[in-house]
Every structure is written in C-alpha cells, then in structure tokens.
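Take a look at the structure set out below.
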Amino acid sequence: MRTLPVSFGSLASRPAGFTVPELVIVIVLVGILSVYAASRLAGSFASTRAFYDQLLAQTQYARKTAIAQRRAVCVHMTATDVRLYRGTATTCPGTDGVTSPTGETPFTLEVPSGTSIATPAVPFTFQFSSLGEYLTSAGATPGATLAVSVTGDGTYSFSVEPGTGYVHP
C-alpha cells in the first residue's frame, strides 16, 4: 500500500488572521462608508419628518394649554417659524406668548431649511378656544377640517377638527 506524503508544515507555519494588505483594504472600506453615513446624518435626512412630529406635538400642546388655562391659544405659522400666543376671541395672535414645556416664551418652533408648511398658505393663524375648539383667527367656527401639510424630503399631514379641536395625523 502506497501512502502519499502529507506535509503539515506549510499549513501550520502560516498564522491565523488577516494579512496587512487585507487589513488596509478593510480599513479603507470602513472609512469610505463612515464618511458617507456621516454626511447623510448631518444633512437634511429626515428633517422634514422631525419637524412634522414637533409641529404636531406643538399643535396638540396648544389645544391642551387652551383647555387647562381656560383661555384662547393662537397658533401663528409663518415661513420661518410657528409660535404660540394667548389670544382673545377677536385678537389672534396676541402678544402674550405661551410658555413651552422647556420654559421658552413664546413657544417657538423653527422651520428647518429645505422644509416648508405647504398648506395652509403661510402666514396663517388659527386658535383653540378655552373649550379646545378649533376656531379661525377672528374666533369664528370654520366650515371644514384644517389640514396642515409639511413638505421637504417627504410630505406629512395632520388634521384639526372644527367641532372638537381634535388634532390627529
């Protein structure tokens, strides 16, 4: 019976792991991917959705504040920001700012670049009565639901119901 010579010396002499050229290639690839990921995160990626979520929360806060304080709260939207003020049935927006949960007066939300409030046309002001009802800036009952749309790297909308003031996506 004839056996073939087996040489384990060549396999055993090579240490396990990566070679230097393999490590360099991996490091270069990780560097390229991290630069790309950082540029996506630092840019306007998802800024429209973040602004929409903040605007929805701010509008819900305005309604809750109007009910809690038993006085009208105005939501004043412009191309650059959205602010909350206390108002009256005939004066909206007022000059008395609503304090934010973090202490800022008036509660202001900046519109990020590349994002805009598509509807309603800005500047636009509406109010919540002391009962939480959605009213026009003059204090009249609107005939339809208010649809607020935010556009940028996507389009997002929420509604404000006229009878109840209920704010929902």
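Each value in this text was obtained by applying a stated rule to the coordinates, not by laboratory testing. It should be emphasised that the depicted structure is a prediction, and the values quoted were computed from it without experimental measurement. Neighbour counts are summed over all protein chains in view; Cβ atoms, including those assigned to glycine, are modelled from backbone coordinates with ideal geometry.
Compute the convex hull volume of the Cα atoms of the chain, divide it by the residue count, and report the result per residue in Å³ as a whole number.
218
Tell me the label-point distance for the pair residue 80, residue 47, using the 7 Å Cα-to-Cβ offset, in nm and rounded to one decimal.
1.6
Counting only other residues whose beta carbon sits under 12 Å from that of residue 164, what net charge do I get with K and R as +1, D and E as -1?
Computed value for this residue: -1.
Below 10 angstrom from the Cβ of residue 71, what's the summed charge of the other residues (Lys, Arg +1; Asp, Glu -1)?
+1
Could you give me the ³J(HN,Hα) list for segment 146-151, computed from phi with Karplus coefficients 6.51, -1.76, 1.60 and θ = phi - 60°, whole Hz, x at Gly and Pro?
Running phi through 6.51 cos²θ - 1.76 cosθ + 1.60 with θ = phi - 60° gives 8, 9, 10, 10, 10, 10 Hz.
Segment 47-66 to segment 81-107: how many Å between their Cα centroids?
Using only Cα atoms, the two centres lie 14 Å from each other.
Set the Förster radius R0 to 45 Å, insert the Cβ-Cβ distance between residue 145 and residue 33 as r into 1/(1 + (r/R0)^6), and round the FRET efficiency to 0.05.
For R0 = 45 Å, the calculated efficiency reads 0.50.
If Lys and Arg each add +1 and Asp and Glu each add -1, what is the summed charge of the other residues whose beta carbon sits under 14 Å from the beta carbon of residue 88?
Cβ neighbours under 14 Å give a net charge of +2.
To the nearest 20 debye, what charge dipole does segment 47-168 have about its Cα centre, counting +1 at the Cβ of each Lys and Arg and -1 at the Cβ of each Asp and Glu?
Dipole size: approximately 300 debye.
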